[in-house]
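Asks: This is the structure I have questions about; it appears just below.
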Amino acid sequence: MDQNRAPVLEALQVFRACGFTPFNPPGHRQGRGVDPRVLEILGEAVFAADVISVNGLDDRLNRQGVIEQAQQLMAEAVGAEQAFFSTCGSSLSVKSAMLSVAGPHEKIIVPRHAHKSVTSALILSGVSPVWLSPHWDAERHLSHPPGADEVRKLFEAEPEAKGMLLVTPNDYGTCGDIAAIAEVCHEFGKPLIVDEAWGAHLPFHDDLPPWGMDAGADVVVTSVHKSGAAVEQSSV
């Protein structure tokens with residue numbers, strides 16, 4: 001695929017060139033209905049780019065495939081089979097990933113240093129957590145993700161667990177051995193979800209730790225807005 005392409009930007013450029021007068025959301029009509037004080041601070045470009053994909057960049061049947069093409073480009077760029085764009089940050093993506101692995105009254109292995117989106121997913125879904133403690137580094141006053149040996153022991157103790165969610169990098173920036181943990185998960189026939197919200201930069205430099213897709217994870221969630229070049233709340 002041509003990684004120089006940007007389907008969403010291209011569709012937005014066509015939309016502007018056609019000079020449409022939209023009668024659908026957003027109500028500011030590409031900035032024409034915005035308070036002048038807001039325009040003075042934010043500028044018109046923000047509102048000119050605020051176009052919904054349906055009836056804006058594409059049609060209701062998504063026949064132009066704008067988002068689909070962009071997701072295919074993302075998947076190829078990071079070595080994934082499929083990429084899904086998400087709003088609401090990676091919190092929504094984490095919930096979706098967990099719900100794809102376990103359901104009500106089923107178990108999933110979760111580290112104690114997980115983001116609150118994981119706790120929300122547990123509450124919403126009724127999934128039961130099997131807690132796994134991270135390693136506390138007393139010298140540096142930070143934590144490290146758990147290791148493969150702990151994961152193996154927990155699957156042996158909780159064989160009914162449907163899979164595992166691993167958080168790496170964590171909030172301190174420390175990374176876990178994804179490949180070793182993925183190998184253990186797959187040995188037990190379980191999927192590995194990696195909450196890699198802080199690792200959007202990892203696939204793009206060989207000197208950085210390997211990212212989940214290159215290390216055998218089944219699903220990786222990353223916040224492109226945290227350490228990438230996307231606007232706030234962008235997740236893949």
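The values are calculated or read from the model by the stated rules, or taken from the named source; none is laboratory data. All values reported here derive from a predicted model rather than from experimental measurement. Cβ: placed from backbone, ideal geometry, glycine included. Neighbour counts: every protein chain shown. Quick note on the areas: whole protein, heavy atoms, side chains included, nothing else; ligands and nucleic acids left out. Shrake-Rupley method; radii C 1.70, N 1.55, O 1.52, S 1.80 Å.
Asks: Please determine whether any residue of the stretch 70-80 is surrounded by fewer than 17 Cβ atoms within 10 Å (Cβ to Cβ), at pLDDT below 95, assigned by the TED database to the domain that holds Leu154 and farther than 24 Å from Asp171 by Cβ.
Replies: no
Asks: Among the residues of the stretch 168-214, write down those that are among the aliphatic types (A, V, I, L, M), in a helix (DSSP H, G or I) and modelled with pLDDT of 95 or more.
Replies: Once the filter is applied, which keeps residues that are among the aliphatic types (A, V, I, L, M), in a helix (DSSP H, G or I) and modelled with pLDDT of 95 or more, the stretch 168-214 yields Ile178, Ala179, Ala180, Ile181, Ala182, Val184.
Asks: Please verify whether Asp59 is farther than 19 Å from Glu232 by Cβ and either in contact (Cβ under 8 Å) with a residue 24 or more places away in the chain or exposed (fewer than 11 other Cβ atoms within 10 Å of the Cβ) (or both), treating the condition exactly as stated.
Replies: No, not satisfied.
Asks: Shifting gears a bit: Anything in the stretch 1-37 that is in a helix (DSSP H, G or I), of a type outside the set (Val, Ile, Thr) and open to solvent by 70 Å² or more (accessible area, probe 1.4 Å)? List them, or say none.
Replies: Across the stretch 1-37, the qualifying residues are Leu9, Gln13, Arg16, Ala17, Cys18, Pro36, Arg37.
Asks: Out of the residues in the stretch 175-186 that are of a type outside the set (Gly, Ala, Ser) and within 13 Å of Asp149 (Cα to Cα), state the one that is surrounded by the fewest Cβ atoms within 10 Å (Cβ to Cβ).
Replies: If we take residues in the stretch 175-186 being of a type outside the set (Gly, Ala, Ser) and within 13 Å of Asp149 (Cα to Cα), then Glu183 is surrounded by the fewest Cβ atoms within 10 Å (Cβ to Cβ).
Asks: Can you tell me which residues in the stretch 149-187 are within 22 Å of Pro203 (Cβ to Cβ) and of a type in the set (A, V, I, L, M, F, W, C)?
Replies: Matches in the stretch 149-187: Met164, Leu165, Leu166, Val167, Cys175, Ile178, Ala179, Ala180, Ile181, Ala182, Cys185.
Asks: Take Ser128 and tell me if it is closer than 30 Å to Pro191 by Cα, over 22 Å from the mean Cα position of the chain (by Cα) and at pLDDT 90 or above. Step through it out loud before you land on a result.
Replies: Working: closer than 30 Å to Pro191 by Cα: yes; over 22 Å from the mean Cα position of the chain (by Cα): yes; at pLDDT 90 or above: yes.
The answer is yes for Ser128.
Asks: Every residue in the stretch 155-172 that is within 17 Å of the chain's Cα centre (by Cα), open to solvent by 50 Å² or more (accessible area, probe 1.4 Å) and not charged (D, E, K, R), please. I'd like the intermediate steps shown before the answer.
Replies: First, the residues of the stretch 155-172 that are within 17 Å of the chain's Cα centre (by Cα): 164-171.
Still in the running and open to solvent by 50 Å² or more (accessible area, probe 1.4 Å): 171.
Of everything in the stretch 155-172, nothing turns out to be within 17 Å of the chain's Cα centre (by Cα), open to solvent by 50 Å² or more (accessible area, probe 1.4 Å) and not charged (D, E, K, R).
Asks: Just checking, does the stretch 100-122 include any residue being within 30 Å of Phe15 (Cα to Cα) and either surrounded by fewer than 14 Cβ atoms within 10 Å (Cβ to Cβ) or without any contact (Cβ under 8 Å) to a residue 40 or more places away in the chain (or both)?
Replies: No, the conditions are met nowhere in the stretch 100-122.
Asks: Among the residues in the stretch 139-148, are any in contact (Cβ under 8 Å) with a residue 60 or more places away in the chain, open to solvent by less than 10 Å² (accessible area, probe 1.4 Å) and outside any helix (DSSP H, G or I)?
Replies: So far as the stretch 139-148 goes, no, none of its residues is in contact (Cβ under 8 Å) with a residue 60 or more places away in the chain, open to solvent by less than 10 Å² (accessible area, probe 1.4 Å) and outside any helix (DSSP H, G or I).
Asks: State yes or no: is Ala138 of a type in the set (Gly, Ala, Ser) and closer than 29 Å to His105 by Cα? Reasoning before the result, please.
Replies: Numbers: of a type in the set (Gly, Ala, Ser): yes; closer than 29 Å to His105 by Cα: no.
Taking the combined requirement at face value, the residue does not satisfy it.
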